[in-house]
Amino acid sequence: MIRRVCNRFLTAAARRWPAELRDEMLAEWRAELHAMPGTARRLRYAASLAASRPHRAEAVAVRPGRSFAHAVLSLVLVMGMAVLCVRITIDWYTGFSEETIAWQAWAAAGGLVIAVGLGIICARVTTGVTQLIRPVFTPLWICGIVYTMSLSWPLVEGYQLTRSAVIDQTCWLLSAVVLCALAGRIARSGRVALSWAVVGVAVLVSFYFAHMHNTLSHFDSPGMEMFFDGAFLRGYLVAVVTQWFLHLTIFLLVYAHSLVLRHQAGQAQVSLPPVPA
Amino acid sequence: MNAELRMTVPVARVLAALVADPTGDHYGMALMQASDLPSGTLYPILARLTEAGWLDKRWEEVDPSEAGRPARAYYRLTPAALPVARQRLAELHERTRPASAHTVTKEATA
């Protein structure tokens, strides 16, 4: 127990040291701790290091202007992506026919991949967001932009917002934010692959909630099976992948999670080898 | 070596401990005891002195699996730093001597 506490103190202390010195200092402290007699002295040794500041700060350039610019760029990118998704849907997926359904389905499937790629690219160019907004709140920031847009858009257009739309959008926001924050926490513990799996679940769950008052979430026939010789599953899948909100949700959650991962990578986690008794 | 090191009381204590045995290898715990400084103060000073070229840091040559303990890091004043450290400690000692004693010494030498 004491050893674990001391180890945590030393790890916390090492995190504040410049990255190039962390491993070396941690090894040195552990060696001293190992040779130190007495529990109280060990605790005092580790706690003193944990409470102190290193001789020089970690080489992180704090540039508030850059972080603010990245946050603004993030806002623009998310809003732009939302508008683009709606635009593409209007142009490509409002009408279906026997001749067009095949390329529409493939284009929509390709759109899912593009949404993932764009999410990763956007995270690369707006890394300063997590300097301004805590990583745990990053999904709320990113999804919150779309939530605000979706609720304010009817007011701008001059038609009344329905209660069902508010419920669906709110459930979408809550599920996406909570699950994406959970994914970030899982990634922090080193299980990055599992964290991406949680993001995948977050996409499905939040998309379901976004369509609670829609036939898609009831798994009813969307009428697309007529293009596939009555095959319900194929028709249903095409109906789902051609939904602009699915593409947008994938983009948002991949973007948010990539930002969190980049932030965590920047923090350069200190490894925790076991301390010999 | 950067001779323009800011000489604070904790730095002087660490240097005094190192100067007391200039050829010896000093490890963290011994320096803590000799300088009466907590670990959180000592290690940033050691790192600063090492980066400024005043200290050589080397790792104990021991096989941790054989010895049953991890290798320790040792510090030693560099040959170039030793005379500078002595001089700076002497200057600090001179400046911090009580005024009356300083005056008496001056009068005695006059």
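Miscellaneous remarks
- Remark: segment B:26-32, residue by residue, has Karplus-estimated 3J(HN,Hα) of 10, 10, x, 5, 5, 5, 4 Hz, where x stands for each Gly or Pro and the curve is 6.51 cos²θ - 1.76 cosθ + 1.60 at θ = phi - 60°.
- Here the accessible area is traced with a 1.4 Å probe on the protein chains. For chain A, carbon and sulfur cover 66 percent of it.
- Around the Cα centre of segment A:2-54, unit charges on the Cβ atoms of Lys, Arg, Asp and Glu (plus for the first two, minus for the last two) sum to a dipole of about 360 debye.
- Rounded, prolate or oblate (a/c below 1.5 giving rounded, otherwise prolate when a/b exceeds b/c) for the protein assembly as shown by Cα gyration tensor: prolate
- Phi angles of segment A:183-195 translate, via the Karplus equation with coefficients 6.51, -1.76, 1.60 and θ = phi - 60°, into HN-Hα couplings of 4, x, 5, 5, 4, 4, 7, x, 9, 5, 4, 5, 5 Hz per residue; Gly and Pro are given as x.
- Probing with 1.4 Å while keeping every protein chain in the model, the per residue accessible area of segment B:16-70 equals 47 Å².
- Accessible area that becomes buried as B packs against A, both chains, 1.4 Å probe, Å², nearest 100: 1700 Å²
- Solvent-accessible area per residue, Å², over segment A:98-148 with all protein chains present [probe radius 1.4 Å]: 51 Å²
- Test item: A:22-33 mean partner chain Cβ contacts at 10 Å: 5
- If only the Cβ of Lys and Arg carry +1 and only the Cβ of Asp and Glu carry -1, the dipole of chain A around its Cα centre is close to 2040 debye.
- Percent RCO, i.e. relative contact order, over segment A:2-54, from Cα pairs under 8 Å lying at least 6 residues apart: 56 percent
- Theoretical ellipticity at 222 nm over chain A - DSSP helices of four or more residues, -39500 (n - 2.57) apiece, nearest 500: -24500 deg cm²/dmol
- Per residue of peptide B:66-72, the mean number of Cβ atoms on other chains within 10 Å of the residue Cβ is 4.
- P(r), alpha carbons of segment A:64-269 - 5 Å bins starting at zero, rounded %: 1, 7, 15, 18, 19, 15, 12, 7, 4, 2, 0, 0
- Considering only A:181, A:197, A:143, and ranking their Cα positions along the charge dipole of segment A:64-269 that arises from unit charges at the beta-carbon of Lys, Arg, Asp and Glu, the one farthest toward the positive end is A:181.
- Residue-wise HN-Hα coupling along segment A:19-26, computed from phi with Karplus coefficients 6.51, -1.76, 1.60 (Hz; x: Gly, Pro): 3, 6, 9, 4, 4, 5, 5, 4
- Backbone N atoms of segment B:71-94 closer than 16 Å to the 7 Å Cα→Cβ label point of residue B:23 belong to residues B:76-80, B:82-83.
- Chain A: most fluctuating residue of A:168, A:23, A:229 per GNM, C-alpha cutoff 10 Å: A:229
- Rounded to the nearest 0.05, the FRET efficiency derived from the C-beta distance between residue B:36 and residue A:79 at R0 = 56 Å is 0.40.
- Figure legend: label point modelled 7 angstrom from the Cα of residue B:62 along Cα→Cβ; residues of segment A:1-42 with amide N under 15 Å from it are A:27-37.
- Here the spin labels are modelled as points 7 Å beyond Cα on the Cα-Cβ line, and at residue A:3 and residue A:182 they lie 3.4 nm apart.
- Computed label-point distance, nm, for sites residue A:109 and residue A:174 using a 7 Å Cα→Cβ extension: 3.6 nm
The values are calculated or read from the model by the stated rules, or taken from the named source; none is laboratory data. Because the structure is a prediction, the values reported are computed rather than measured. Using ideal geometry, Cβ is built from the backbone for each residue, glycine included, and neighbour counts are taken over all protein chains shown. Please note that ligands, DNA and RNA were not included when accessible areas were found on the heavy atoms of the full protein model with its side chains. Shrake-Rupley method; radii C 1.70, N 1.55, O 1.52, S 1.80 Å.
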